[in-house]
Amino acid sequence: MAKRTLDDDTPPVDAETAGDTPPRRALTYRTAFMESITEADVRQIVTAVLARAREGDLAAARLILDRVCGSQAIADWPTKAAVEERVAMDQMLAGFARLD
C-alpha cells in the first residue's frame with residue numbers, strides 16, 4: 001500500500017478489493033452459481049415448477065412459457081407470428097387453469 005500523508009484526502013486502497021466493482025461482483029456470483037448448480041438440480045427445479053403450473057399456478061405457468069416461448073414483451077411485437085404466439089400462449093394458460 002502507498003504511503004499516505006496528512007493532507008491526502010483519498011481513502012486507502014485495500015489490495016484485496018481493488019477493482020471490486022458491482023459488475024465484477026455479479027460476475028463472481030454468477031460464476032459461483034453456475035459452478036454450484038448441476039443438471040440434476042435444474043431438472044428438479046423445472047419439474048417442480050411444471051407441477052405447480054399443472055396445478056393451476058399461473059405464475060409458474062407464465063415462468064415456464066416465458067422461458068420456452070419467449071417473454072411476453074417479445075410476444076407483443078405487432079407481427080402476425082407474435083399475435084399467433086400470444087393466442088397460443090393464452091390458450092395454454094387457459095388450459096392450465098381448467099386443470100383444477
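Read-outs: derived from the displayed coordinates by stated rules, not from any lab. All values derive from a computational prediction rather than experimental measurement.
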_Rounded if a/c under 1.5, otherwise prolate or oblate - segment 23-97, Cα gyration tensor axes_ = oblate
*Give me the number: length gained by fully extending Leu99 to Glu84, i.e. 0.36 nm times residue separation minus the C-alpha to C-alpha distance, one decimal in nm.*
3.1 nm
*asked:* Restricting to Cα pairs below 8 Å that are 6+ residues apart, what does the relative contact order work out to for segment 23-97? Please round to a whole percent.
replied: 26
*Please give the contour-minus-distance gain from Arg25 to Val46: 0.36 nm per residue of separation, less the Cα-Cα distance, rounded to one decimal in nm.*
4.8 nm
